[in-house]
Structures are given as structure tokens and as C-alpha cells.
1. Please determine, by comparing only the residues of segment 252-269 that are of a type in the set (A, V, I, L, M) and within 16 Å of Val75 (Cβ to Cβ), which one is surrounded by the most Cβ atoms within 10 Å (Cβ to Cβ).
2. Somewhere in segment 263-281, is a residue outside the structural domain of Gly197 (by TED's automatic domain parsing) and under 23 Å from Leu365 (Cα atoms)?
3. Would you confirm whether any residue within segment 300-319 is buried (at least 17 other Cβ atoms within 10 Å of the Cβ), touching a Pro at 6+ places or on another chain (Cβ under 7 Å), touching a residue at least 60 places away in the same chain (Cβ under 8 Å) and not polar (S, T, N, Q)?
4. What is the number of the single condition among (1) free of Cβ contacts under 8 Å to residues at least 24 places away in the same chain; (2) under 18 Å from the mean Cα position of the chain (by Cα); (3) farther than 14 Å from Pro94 by Cα that Asn248 does not meet?
5. Identify, from the list Asn31, Asn78, the residue that is part of a loop (DSSP other than H, G, I, E, B) and surrounded by 18 or more Cβ atoms within 10 Å (Cβ to Cβ).
6. Look at segment 178-224 and say how many of its residues are within 17 Å of Leu20 (Cβ to Cβ), under 24 Å from the mean Cα position of the chain (by Cα) and among the aliphatic types (A, V, I, L, M).
7. Evaluate the following for Ala233: is it buried (at least 18 other Cβ atoms within 10 Å of the Cβ), within 15 Å of the chain's Cα centre (by Cα), small (Gly, Ala, Ser) and more than 26 Å from Ile314 (Cβ to Cβ)?
8. Name the single residue that is farthest from Val117 (Cα to Cα) among those in segment 157-213 being β-branched (Val, Ile, Thr) and in contact with a Phe, Trp or Tyr (Cβ under 7 Å, 6 or more places away or on another chain).
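The values are calculated or read from the model by the stated rules, or taken from the named source; none is laboratory data. From a predicted model like this one, the values you see are computed outputs, not experimental measurements. Cβ: placed from backbone, ideal geometry, glycine included. Neighbour counts: every protein chain shown.
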Amino acid sequence: MESTLTELKSTALLSKHIALGAKMVPFAGYNMPVSYAGLNEEHACVRNSVGVFDVSHMGEFILKGEHALDLIQRVTSNDASVLTDGKAQYSCLPNDKGGIVDDLLVYRIDAKTYMLVVNASNIDKDWNWIQKYTTKAVEMHNISDKTSLLAIQGPKALAALQKLTNVNLSEIPYYSFVKGTFNGVENVIISNTGYTGAGGFELYFENQYASKIWDAIFEAGAEFNIKPIGLGARDTLRLEKGFCLYGNDINDSTSPLEAGLGWITKFTKEFTNSKALKEQKEKGLVKKLVGFEMIDRGIPRHDYAITDATGNQIGLVTSGTQSPTLQKAIGLGYVPAALSKPGSEIYIRIRDKAIKAQVVKIPFL
């Protein structure tokens, strides 16, 4: 049974969202803004100027101690040993059955201190999974409930945020971060990882400063017509860049290799299920996650059937939308490896009709 809004968690900025007229929806156990002015307007704002996402529902774990890196190396697919202070990497937690527990970001604060950023719906699941592999003393802190996270995205994000900090934002490369003072608040993590492909930064700070920082950002960005952005536009923005969404494009039964995440699956070390994944790579993949665009008219949606020319179901759509930037319908889905090459013809079953689509290279934009 679906939770009522009163049973849901809220971020520290709930009153701001309500005052702005946000449409609130249940998402990953939280009461979250899905839209304010409308998806297309918010999407264009991020692509062309600057928008602010409250993504404080995300989970954050601190791992500390001599063996923190060893634990991260054993439970994640990427090689965290290459990280230096102030660097972050995208990774995943493989399960022991060939699928993915979650995808996440790994931040190296120092040689003995790391922050893991996980998906909101998987906070407890990830925490329990990592703890299961803690055979040596590692201090673990789940700081999710006391941490706020804002993503300020778009080509004008740097100009707006630079007014509020002495940290030189132009000197923070992609997948890097700095701990500094922001709008008078100390120890704010200013990160450049992004989930929109539009450029920008993420700010991690304690909940008590949420309203103060939110208000300052909107004042600083006023000249750029800054807007609050909901989860709806976040989804269309990430899809245009071909970024995976956990629960849609990757899950407990999808292999990171099948999902096109071979680049974060490093066999230079041993990790959970690495032997089986290496064998899968050597044998060759049976199915692959591909991007496609509709040739005929129709919008693909999550779980729509993908068929071949003769009507046989060959896969499922994992994500799909009408791209606001490209003005065409696009999607992601798993298909047999033989049909994964760009130009391959596939069909999406929409309202009992087979609508023609074509596999294309991602990102779409």
C-alpha cells in the first residue's frame, strides 16, 4: 500500500517547496518536489541558465579508519585506490548474483576518510550490505538524515555560486571537490560531479543551514533567472545524457557490464562477484543496455515491451521520454547483443501497436 504524505520523510526545505507551489509526490520514502513551473520550462532553465535541485533525500555514509579503503575496494567495482584527496569517482556495489545493489559516488576526503553517496531508496539496503563485508575495524557513520544536498546545475551555475564563496570554483575539475566556506557556513563540500550534463556543482552541508544557503543561492542567481527544479526535469535531463537511474536502467538483476558500466568495473582487484563478472566479459554479453530514438510517432515509457520486426519480444524499455531539448522521443532499454549496434531497427509496443525505433549512440545530447 502506498505511503501517505504524512508517513513520508521530508527534507529541511519542505516549507520552501510548498511556498513556491511545488507539486509534491512520494519518492523513495520522501515527500519530494516533482515540478514547480512545469517540466519543459525547468528542463530548459537548466540547459540554458541555472536551476536548483533539492536532492537532500540522497544517502551519505562516512567510512573512517586504516581499513576504510580496503572495505571500499572489496564492495565496489571501480578502483578507489587511484583516488587522491579531493577526488570522487562513480562506482557500483555489485551483488553476489551478477546484479547491482546500487550505484554510488565515492569521495576521498583523506587517506583514512571517505564519503559514499547512495540512492535514497537504497540507504538501509546499502548500509546493511557494506556492513556485511566489514571484517576489519572500519568506523561507519550514516549521516543521511542530518545532511542536506543541493545540486545547482547549468551553464550559469558557476557565476551565481562564485558570489557566495572564496573557493575558486573554476579550479574544481569534474569529479573533484573542495571543503570550504560557503555563504558564511564552514565545512561545506563543494563538488563537481553532476547528473544533468549541464555543468554545475553540488553542496553538502548540515540541515540547520539549508534555508540560509537556499535563500542566498536564489538571491545570487536572480540576474540569471535562477529557478527551483523538480525531480521530473532531473529525470529528463539525465536521460538526454544517457545516465543510468537505479530501479529503472540498473537493478539487482542487471550486470554492470550489460548496463554499459564496464568503465567502472575494474578487474585489477578482487571485489564482490568479480570472478563471475570477468567470466561474463570473456564469454561475451547476451544483452546490452542501448539508447534508441523513435522513428515513428510515440513516446516510450518504462516497462514497455521492445520487439523485433516479427513481433517477438526481445526486451523492455527501462527509461523513456519526449526529450525537451531534442524534440524527439528517446529511451533506454535492454536488447540482445546482436541488435545493440547503432542503426539497428527495433520496435516499441505502445498501446498494442509496434512503433518503429532505431538504436543510437548515447549520450543523446
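1. Just the residues of segment 252-269 that are of a type in the set (A, V, I, L, M), to begin with: 257, 259, 261, 264.
Remaining after also requiring within 16 Å of Val75 (Cβ to Cβ): 261, 264.
Details: Leu261: 22, Ile264: 17.
Across segment 252-269, the extreme among qualifying residues is Leu261.
2. Restricting attention to segment 263-281, the residues satisfying the condition of being outside the structural domain of Gly197 (by TED's automatic domain parsing) are 263-281.
Those left that are additionally under 23 Å from Leu365 (Cα atoms): 263-264.
Scanning segment 263-281, I find at least one residue that is outside the structural domain of Gly197 (by TED's automatic domain parsing) and under 23 Å from Leu365 (Cα atoms), so the answer is yes.
3. No: segment 300-319 contains no residue that is buried (at least 17 other Cβ atoms within 10 Å of the Cβ), touching a Pro at 6+ places or on another chain (Cβ under 7 Å), touching a residue at least 60 places away in the same chain (Cβ under 8 Å) and not polar (S, T, N, Q).
4. (1)
5. Working: Asn31 fails: part of a loop (DSSP other than H, G, I, E, B).
Sole residue among the options that is part of a loop (DSSP other than H, G, I, E, B) and surrounded by 18 or more Cβ atoms within 10 Å (Cβ to Cβ): Asn78.
6. Result for segment 178-224: 3.
7. yes
8. Kept after step one, since they are β-branched (Val, Ile, Thr), are these residues of segment 157-213: 165, 167, 172, 178, 181, 185, 188-190, 193, 196, 213.
Next, only the ones that are in contact with a Phe, Trp or Tyr (Cβ under 7 Å, 6 or more places away or on another chain) stay: 165, 185, 188-190, 193, 213.
On the way: Thr165: 23, Val185: 21, Val188: 15, Ile189: 12, Ile190: 14, Thr193: 11, Ile213: 21 Å.
So the residue we want is Thr165.
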